[in-house]
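To start, the structure itself, in structure tokens.
The values are calculated or read from the model by the stated rules, or taken from the named source; none is laboratory data. In this text, all values refer to a predicted model and were calculated from it rather than measured experimentally. Because the Cβ atoms are built from the backbone with ideal geometry, glycine has one as well, and the counts that use them run over all protein chains shown. Keep in mind that these areas ignore ligands, DNA and RNA; they rest on the heavy atoms of the full protein, side chains included. Shrake-Rupley method; radii C 1.70, N 1.55, O 1.52, S 1.80 Å.
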Amino acid sequence: QVPLVESGGGLVQPGGSLRLSCVASGSHLSLYTVRWYRQAAGKPREVVASILRSGITSYADSVKGRFTISRDSSEGTVYLQLKDARPEDTAIYYCNADNYGLESWGDGINVTVSE
């Protein structure tokens with residue numbers, strides 16, 4: 001397992017943008033499949049976006065066209081860019097790194113979309 005640290009969360013207005021970051025301590029996230037999950041109050045955790053080692057990305061239908069997952073190859077940081085934020089995007093967002101079935105999780109970071 002690898003320690004993961006998320007950052008960049010906070011309050012954003014509807015229609016606004018926010019960028020979340022995920023960094024692995026002592027490792028490089030290009031070595032992993034990385035997924036962003038989120039969990040809203042009273043709801044199960046759901047996967048939002050994924051980026052494979054190859055760089056191929058995928059998204060949940062609810063965020064497709066609004067969120068972008070990317071990776072900085074030099075630093076190994078994985079980002080989740082939120083655009084056109086909606087109140088229903090309010091949740092705790094978690095970074096997950098998957099190394100052939102061995103998973104690591106960050107502690108999560110709050111994102112609140114509100115006026």
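Any idea how many residues of segment 87-115 are assigned to a loop (DSSP other than H, G, I, E, B), in contact with a strand residue (DSSP E or B) (Cβ under 8 Å, 6 or more places away or on another chain), more than 14 Å from Gln13 (Cβ to Cβ) and open to solvent by 30 Å² or more (accessible area, probe 1.4 Å)? Talk me through it step by step, then tell me what you get.
Looking only at segment 87-115, we keep the residues that are assigned to a loop (DSSP other than H, G, I, E, B), and these are 90, 100-101, 106-108, 114-115.
With the extra rule that they be in contact with a strand residue (DSSP E or B) (Cβ under 8 Å, 6 or more places away or on another chain), the set shrinks to 90, 106-108, 114.
Next, only the ones that are more than 14 Å from Gln13 (Cβ to Cβ) stay: 106-108.
Still in the list and also open to solvent by 30 Å² or more (accessible area, probe 1.4 Å): 107.
So the count comes out to 1.
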In segment 33-45, anything open to solvent by 30 Å² or more (accessible area, probe 1.4 Å) and closer than 14 Å to Tyr100 by Cα is listed as Arg35
Candidates Val63, Val78, Val48, Val23, filtered to the one that is closer than 18 Å to Gly8 by Cβ, open to solvent by 60 Å² or more (accessible area, probe 1.4 Å) and among the hydrophobic types (A, V, I, L, M, F, W, C): Val23
